[in-house]
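Please read the structure below before turning to the comments.
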Amino acid sequence: LADHTMFHAKNMGRNNVQFFREIQGTVLDRENVLLQTRLAQAIQERQLQIFYQPVVDASTGRILSLEALARWHDDHDGWVPPDVFIPMAEHLGLIHELGEQVFEHALDRLRVWRQAGHEVKVAVNLSRAQLFAPNFVERLTGMIADQGLSPTDIILEITESVALLDVSYESRRLQELADSGFELAIDDFGTGYSGLAQLHQMPVRRLKVDASFTTRLHTEDGQRIVQAIVQMAQALRLETVVEGVENAEDARYLMQLGVRQMQGQLFGDPMPAGVCDMLLARQAAQRS
Ligand code: C2E
Ligand code: MG
Ligand code: MG
Ligand code: MG
């Protein structure tokens, strides 16, 4: 994967986040409006790209699922980080259209991968607003059926802050999605304020431990915190994915805690679907 460093998260603009945050401030409000206009146009013209990042079984290296991540290359500003354009799309009411494009792309790829005999699932991120779209669940299940796929092949990731809002509308939608067969995952886990009891009531099958914890694994405090989070997930019998795994040392430590599913630069950055095709094919060839 070394030759895909051009898609490296850092190059993708982690450093730009601060820069764009400043743009979002009052000083450059006009710039901001222009960026919003270009984003609206990019979405309308379907110029956003969808990359995929593998979640692997760290003990075998096998790809278990692929997470769809939206990417936007703006003619003027270059790669704009999702941390900037996703909130912007939400603000502009364009997240429904964006989300639908991501979903279409992910379903299309999943169909191709399944036809090639790969057992992978795809994961798609959902924004809170998408849960409020009329007939949201029906539309999703309709799109899936059209492709000859099943909701059980799809993981829907919802950030902890959204998933645990104790608002009946959200919980009803989540329950509906779970009842339809989707596998729900709590994303960025550990960054919200969820209690065990609350988690236990959620129709959730997996937790994705936020990368901000993984990056502190080199400290003793960091290790203790990750251990506590993992134990909580295990007590609830939830599948645990740790994201942001960047080096072998952290991966080894996590394996000792009983974590198998990992995501991060050590195993692969988000990459174009064509690269995933090749990776999956190579894995299949190695197994047979
Ligand atoms: P997320 O769902 O938690 O996605 C994981 C983020 O971690 C991605 O950031 C990924 O590039 C980054 N990452 C992967 N490996 C590593 C690593 O080893 N170390 C570190 N430090 N980071 C790593 P990205 O692509 O910038 O996306 C940011 C967020 O934007 C995502 O966080 C997700 O919440 C949101 N997002 C992206 N695409 C979509 C989308 O299509 N719809 C919605 N609603 N949200 C999206
Ligand atoms: Mg995610
Ligand atoms: Mg995440
Ligand atoms: Mg995250």
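The lone criterion from (1) touching a residue at least 40 places away in the same chain (Cβ under 8 Å); (2) away from ligand 1 (no atom under 13 Å from the Cβ) left unmet by GLY264 is number (2).
Filter region 276-288 for residues that are of a type outside the set (D, E, K, R) and within 18 Å of ARG111 (Cβ to Cβ); which is modelled with the lowest pLDDT? Break it down into steps so the answer makes sense when it comes.
Taking region 276-288 first, the residues of a type outside the set (D, E, K, R) are 276, 278-281, 283-286, 288.
With the extra rule that they be within 18 Å of ARG111 (Cβ to Cβ), the set shrinks to 276, 278-281, 284.
Values: CYS276: 97, MET278: 96, LEU279: 96, LEU280: 97, ALA281: 96, ALA284: 93.
The selected residue is ALA284.
Being more than 15 Å from PHE132 (Cβ to Cβ) and aliphatic (A, V, I, L, M) is the filter here; which residues of region 65-91 pass it?
So the first thing to find is which residues in region 65-91 are more than 15 Å from PHE132 (Cβ to Cβ), and the list is 65-88.
Listed by number, the residues that qualify are LEU66, ALA68, LEU69, ALA70, VAL80, VAL84, ILE86, MET88.
Which one of ARG216, ARG260, ARG224, ARG237 is under 22 Å from the mean Cα position of the chain (by Cα) and over 30 Å from ARG114 (Cβ atoms)? Give the derivation first.
Details: ARG260 fails: over 30 Å from ARG114 (Cβ atoms); ARG224 fails: under 22 Å from the mean Cα position of the chain (by Cα); ARG237 fails: over 30 Å from ARG114 (Cβ atoms).
Sole residue among the options that is under 22 Å from the mean Cα position of the chain (by Cα) and over 30 Å from ARG114 (Cβ atoms): ARG216.
Grab the strands (runs of 3 or more DSSP E) fully contained in region 24-103, keeping just those with 1 or more residues being within 16 Å of ligand 3 (Cβ to nearest atom), out of contact with any Leu (no Cβ under 7 Å at 6 or more places or on another chain) and not hydrophobic (A, V, I, L, M, F, W, C).
Values: elements: 49-57, 62-74, 78-80.
The strands (runs of 3 or more DSSP E) meeting that bar are 62-74.
Among what's in region 233-288 and is surrounded by fewer than 13 Cβ atoms within 10 Å (Cβ to Cβ) and not small (Gly, Ala, Ser), pick the residue that is nearest to ALA58 (Cα to Cα). Restricting to residues being surrounded by fewer than 13 Cβ atoms within 10 Å (Cβ to Cβ) and not small (Gly, Ala, Ser), the top hit is ARG252. Exactly one residue among ALA133, ALA129, ALA163 is modelled with pLDDT under 95, within 16 Å of ligand 1 (Cβ to nearest atom) and under 15 Å from the mean Cα position of the chain (by Cα), and that residue is ALA163. Please enumerate the residues belonging to region 240-250 that are acidic (Asp, Glu) and within 16 Å of PRO54 (Cα to Cα). The answer is GLU243, GLU246. Name the single residue that is nearest to LYS208 (Cα to Cα) among those in region 243-256 being in contact with a Ser or Thr (Cβ under 9 Å, 6 or more places away or on another chain) and in a loop (DSSP other than H, G, I, E, B). So the residue we want is GLU243. Report, by residue number, each residue of region 145-159 that is under 19 Å from the mean Cα position of the chain (by Cα) and not hydroxyl-bearing (Ser, Thr, Tyr). Listed by number, the residues that qualify are PRO151, ASP153, ILE154, ILE155, LEU156, GLU157, ILE158. Checked across region 112-125, the condition of being out of contact with any Phe, Trp or Tyr (no Cβ under 8 Å at 6 or more places or on another chain) and within 11 Å of ligand 1 (Cβ to nearest atom) holds for at least one residue.
The values are calculated or read from the model by the stated rules, or taken from the named source; none is laboratory data. Computed from a prediction, not measured in an experiment: that's the story for all the values here. Counting neighbours? That spans all protein chains shown, and the Cβs are built from the backbone with ideal geometry, glycine included.
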